[in-house]
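Take a look at the structure set out below.
The values are calculated or read from the model by the stated rules, or taken from the named source; none is laboratory data. Everything numeric in this text was worked out from a predicted model, so none of it was measured. Here Cβ is always computed from backbone atoms with ideal geometry, including for glycine, and neighbour counts include all displayed protein chains.
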Amino acid sequence: MTDITQSEIATMHARIRVFKADGYPEDEANRMARNWMLYDRNSHAVKKDKVGQWQPIETAPYSQIVLLAIDGKHVTTGFRGHVMGWTWDPADEEPLDGTATHWMPLPAPPEAS
C-alpha cells in the first residue's frame with residue numbers, strides 16, 4: 001500500500017469517531033475506517049464496460065466500493081474486505097437485514113466544467 005496522506009489520516013480518525021459513537025468496539029471501528037480508506041482510494045477504479053450492469057455477488061471485487069442490491073429491495077454502497085467480508089454504507093439510514101445478491105461498479109464522477 002502507498003503512504004497514507006494527512007487527509008486520509010484525518011478522514012480515518014473522523015470515521016473511527018463515528019463508528020465508535022455507533023457502538024462499534026475500537027478494534028472493529030479501526031478496521032472499518034481502514035476499509036473505507038481503501039474504498040476511497042479504489043472507488044473509481046472500475047471497468048467501464050461493467051458500469052450499469054448488475055453482476056452476481058460472488059464476482060464482486062475486494063477493496064473497492066460498489067453498489068449493492070440487497071434482496072432485490074434496496075440499493076446501497078458497500079465494500080468487500082478480505083478479513084471482515086462486506087461492510088455496508090454506515091450512513092445508510094434504512095436498516096439492512098437482508099443479503100447482498102448483486103453488485104455493480106460505481107459510475108465515474110461527472111466531468112468538471
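Summary table below
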| read-out | value |
| --- | --- |
| Hits in region 61-76 - residues which are surrounded by fewer than 17 Cβ atoms within 10 Å (Cβ to Cβ) and of a type in the set (S, T, N, Q) | SER63, THR76 |
| Among (1) small (Gly, Ala, Ser); (2) part of a loop (DSSP other than H, G, I, E, B); (3) at pLDDT below 85 - the single one GLY23 does not satisfy | (3) |
| So ASP40, is it modelled with pLDDT under 80, out of contact with any Pro (no Cβ under 9 Å at 6 or more places or on another chain) and surrounded by 11 or more Cβ atoms within 10 Å (Cβ to Cβ) | yes |
